[in-house]
Structure formats: C-alpha cells, structure tokens
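Each value in this text was obtained by applying a stated rule to the coordinates, not by laboratory testing. Just so you know, these numbers come straight off a predicted model, no measurement behind them. Every residue, glycine among them, receives a Cβ derived from its backbone with ideal geometry; neighbour counts consider all protein chains shown.
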Amino acid sequence: MNFKTQLQNRNEEIVRLKSLLEGGRPTGEAINRDCCYKNIDNKMGSLQDEISMLKREKNTL
C-alpha cells in the first residue's frame, strides 16, 4: 500500500467517524461533564475530614 492510498484511507475513515458523531454532544461539553476530577477538591476535603474523625475515634478506644 503506497502513501497516497494510506492518506486516502485515513481521510475516508475521518469522514466516516465524523458522520457517526453528528448530532452528539460537543466534545468540550462531554469532557467537562464526564471528567472524573471535576470536584476532586471537595472529595479530598471530605475524605480528609473522615480520616481525622476515624483517627479521633481510634484514639478514644
């Protein structure tokens, strides 16, 4: 397979994939909504509070 054929196949695949995505969520929106690190600071704070509470309970035993 020569380079020109590879480029043509790549371009056809890009067009095919774009057509599958038409009408879906915009990429930026999907990434922002689905990001698992979105509220990481709040989660970290809650976990640190819970650890502190468990340490206090352990010390009272």
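A few comments on the model shown:
- Using 0.36 nm per residue and subtracting the Cα-Cα separation, the extra length available between residue 6 and residue 22 on full extension is 3.3 nm.
- Ranking of 1, 53 by neighbouring Cβ atoms within 10 Å, starting from the fewest: 1, 53.
- If the segment from residue 50 to residue 14 were pulled out straight at 0.36 nm per residue, it would be longer than the present Cα-Cα gap by 8.1 nm.
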